[in-house]
Amino acid sequence: RFGQRDQILRLVKSRVFEMIISSLIFANALYMGIKANVHLNAAKEERLGNSVWFSLFDGFFTLVFAVEWGFRFLAYQKWFFRVEDRKWHIFDTCLVGVSVIELIVEASGSSMGSAGTMVLRVLRMVRLVRLLKIVRYVSAFRELRLMIHGLFSSVRSLLWSFVLLGMVVYIFSIIFVQAAVAFLQRNDFQEGTPETRERFIEFFGSTQTSMRTLMISISGGADWLNFIYLLEKADRVYSLLFLLYIMLVFHGVLHVIASIFVDSALNTSQVEQDQLIREELSAKDSYLTLIKQLLEEADVNDSGTICWEEFQLKLEDEKMQAFLSSIELDISEARGLFKLLDVDESDEVPIDEFVTGCFRLKASGKSLDLASIMHENKKMMRIFMQFMSYTQEQFEAVLDGLSHAGIAHRLE
């Protein structure tokens, strides 16, 4: 039972599984766009856009993502909502639930009337969020993943930024409503044309409309210079207050909001970098543990070292063959690998040194031939140094002999 769970866990973490799910997510997004276009064309022609094919595709994608969710649940079981990816698991659970509810509502849509149609539209818009899952699988989208994570992590700050902006807009909207009241209650109506009165009512006729006017003036929806000219007809003070509002929002509030997003993006980038480091360290520990386990199994006499005969017998194991393939070696090159790691040529290599040497060979990305050349070079250097030491000793012996001979000659 544990072995089956372990196999499912390796499956859901495999690159092939991630690429398949990523492709299906892209296909689902394209399908939803095509379906929306078909429904729009049908609505233009005043006919129904429902099709059996659409029902089949909806059922197919719902089934596929439900199966994916089922595999992940079987892999993690009671730890499904406790592991590091628990937020993604909650996200997947919600999306699968929405898809199932959508199929149920669509099947009974005719009996639910307009309410069912509205629910369907909302559910389809929610299901589009599944496209965000693509950043979970594809490592090439790191920048996009940082942006999305930064947006999610700054939701709380974003909401408070909206509150701050809303407070500023609300306060100034009341001020400009007072400007409209002052203009409309003036006795010299002959100075204001009916068109000017209508414009005051249109843009500053209530607190809500005044807030809308202030929002569109800072978002590019209208030229705020026209509003200044309009407020000047009530009083020049109001036009100056409108300039103050523009300066305060543009150079104050919006910059504060932007700085919050920048700070959130920096924090998210640091968290992402820390996560990559943790994943790299975890992969390294897993790799070293696997090699050490294989070598300890090969060490039949529990000596803490492995000789060539023990290593040669272990080569018949599929795990050892897979390990050699991971460092881009063939079984025929195993002897060269062993000689490379056997630095002192004792035909025995300590297991810890074997593990470290294999990891360096894998991490450096060098071929065994280049590593062998470096090994031979070190070997030649060691022999050369031994020869130099021997030569020096012989020269010193000769000099000592000559010096003794000279002293003996003088004594005679």
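For the criterion of being touching a helix residue (DSSP H, G or I) at 6+ places or on another chain (Cβ under 8 Å), modelled with pLDDT under 70 and of a type in the set (Ser, Thr, Tyr), Tyr76 fails.
You will find that of Asp347, Asp400, the residue that is open to solvent by less than 80 Å² (accessible area, probe 1.4 Å), over 23 Å from Thr289 (Cα atoms) and at pLDDT 70 or above is Asp347 and no other.
Inspection of segment 149-169 finds no residue satisfying the criterion of being modelled with pLDDT under 75, of a type in the set (A, V, I, L, M) and not in a helix (DSSP H, G or I). Residues in segment 78-100 that are open to solvent by 80 Å² or more (accessible area, probe 1.4 Å) and acidic (Asp, Glu): Glu84 alone. Filtering Asp188, Asp235, Asp223 for residues that are more than 30 Å from Ser14 (Cα to Cα), at pLDDT below 85 and of a type outside the set (S, T, N, Q) leaves a single hit, Asp188. Being of a type in the set (D, E, K, R) and either under 23 Å from Glu106 (Cβ atoms) or more than 24 Å from the chain's Cα centre (by Cα) (or both) is a property that holds for Asp6. For segment 204-226, which positions are within 19 Å of Gly252 (Cβ to Cβ) and open to solvent by less than 40 Å² (accessible area, probe 1.4 Å)? Passing the criteria: Leu214, Ser217, Ile218.
Whenever a residue of segment 3-14 is modelled with pLDDT of 80 or more, its partners that are acidic (Asp, Glu) and assigned to a helix (DSSP H, G or I), lying with C-beta atoms within less than 9 angstrom and at least six residues away or across chains, give the pairs Val12/Glu18; Val12/Glu68. Ala75 fulfils the conditions (1) surrounded by 12 or more Cβ atoms within 10 Å (Cβ to Cβ); (2) within 24 Å of Met125 (Cβ to Cβ) except for a single criterion, (2).
If you check Ile260, Ile201, Ile175, Ile246 for being part of a helix (DSSP H, G or I), of a type in the set (Val, Ile, Thr) and open to solvent by 70 Å² or more (accessible area, probe 1.4 Å), only one passes: Ile201.
Among residues of segment 39-65 being among the hydrophobic types (A, V, I, L, M, F, W, C) and at pLDDT below 85, the one that is most open to solvent (accessible area, probe 1.4 Å) is Trp53.
The values are calculated or read from the model by the stated rules, or taken from the named source; none is laboratory data. All figures in this text were calculated on a predicted structure; none of them were measured in a lab. Every residue, glycine among them, receives a Cβ derived from its backbone with ideal geometry; neighbour counts consider all protein chains shown. Heavy atoms of the whole protein, side chains included, go into the accessibility calculation; ligands, DNA and RNA do not. Shrake-Rupley method; radii C 1.70, N 1.55, O 1.52, S 1.80 Å.
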